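What follows is calculated from the coordinates using simple rules that are stated; it is not laboratory data. No experiment lies behind these values; they were computed from the predicted model shown. Glycine also receives a Cβ, built like all others from the backbone with ideal geometry; neighbour counts cover every protein chain displayed.
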């Protein structure tokens with residue numbers, strides 16, 4: 001997370017409604033939030049780590065076919081040598097960890113099945129090498145990619161710090177250079193670069209921090225939805241990289257971090273203290289945890305992210321990623337220094 005970027009946008013955050021769908025008092029441990037058809041019981045601080053491990057700024061989350069939950073965290077320089085990925089079973093019991101080589105860079109993670117085996121793809125944002133890595137579920141490396149070999153990155157001063165990956169229907173994938181040069185890069189199933197598009201700017205089709213990207217197959221034709229974070233909007237691109245649609249800055253989303261879909265629902269964790277669900281028409285169903293006064297406190301100097309005692313049940317601090325499980329529950333991972341994983345258990 002770029003602190004300067006965060007500070008620059010905080011002053012422009014629009015006010016939202018009070019916490020939506022609260023059915024219990026805020027001081028209770030497991031409040032239910034949401035609206036009819038999308039109600040969730042908040043189970044904060046999900047997952048139990050063994051004593052020798054600790055969270056160091058949680059970032060992203062993905063699930064495998066067995067329901068195991070894989071969570072990345074950045075890793076602090078003063079605590080070198082700790083694994084970047086922690087794995088839990090569906091009930092929150094710690095299973096294993098791996099990724100010492102990526103310590104300090106842990107960010108994006110996605111999992112898919114290829115043939116008869118599942119593989120993990122990582123974006124290690126701040127590492128010097130191994131920017132995009134493919135492993136098996138045990139963390140054993142299949143391949144690793146560094147700087148793209150194309151004209152957009154010929155200048156060695158052009159930054160390349162990828163943040164997330166989405167799958168493509170043909171077996172390829174798209175990498176979002178969220179903290180680098182603001183490009184999106186399509187690769188084929190063999191890992192060959194085929195297309196570079198977007199790039200930095202505020203015009204439609206350009207991005208400022210394309211922090212999250214996802215294959216949106218809810219429409220007639222699949223498209224890539226991009227969380228154009230510093231422009232405070234979502235943008236949709238064709239698979240060939242042509243811009244299709246963009247929301248108005250600061251209206252639909254505040255500071256979107258990533259996107260996922262399940263059925264007709266689009267899930268967007270928003271770093272400005274809420275998790276949003278959108279329908280097939282891309283209109284909001286509900287902004288979970290939305291509270292203008294709470295957001296004001298969270299964004300005031302960003303002290304709250306380092307003060308777990310200040311965190312309130314049913315409210316979020318800085319949602320950075322979220323993912324559905326097979327039953328429609330949602331795992332939310334937040335950009336907070338001591339780590340926070342919340343299971344939103346679907347109850348209605």
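Each part reduced to its alpha carbon centroid, region 137-161 and region 247-303 end up 30 Å apart. When you count the other C-beta atoms within 10 angstrom of each residue and take the mean per peptide, 124-132, 75-83 line up highest first as 124-132, 75-83. Looking at region 3-346 alone, DSSP beta bridges between its own residues are antiparallel in about 100 percent of cases.
With the highest mean first, a sort of the peptides 133-140, 331-338 on other beta-carbon atoms found within 10 angstrom per residue produces 331-338, 133-140.
Look at the alpha carbon pairs under 8 Å that are at least 6 residues apart: their mean separation over the length of the chain gives a relative contact order of 17 percent. Over all distinct alpha-carbon pairs, what is the Kirkwood Rh of the chain in angstrom? It is 20.0 Å. What Kirkwood radius, in Å to one decimal, follows from the Cα pairs of region 106-221? Result for region 106-221 stands at 14.5 Å.
With a/c under 1.5 counting as rounded, go ahead and sort region 156-305 into rounded, prolate or oblate using the C-alpha gyration tensor (a ≥ b ≥ c being the square roots of the eigenvalues; past the cut-off, prolate if a/b is larger than b/c, else oblate). It comes out oblate by the Cα gyration axes. Protection proxy ranking of 246-253, 153-160, by the mean of other Cβ atoms within 10 Å over each peptide's residues and highest first, is 246-253, 153-160.
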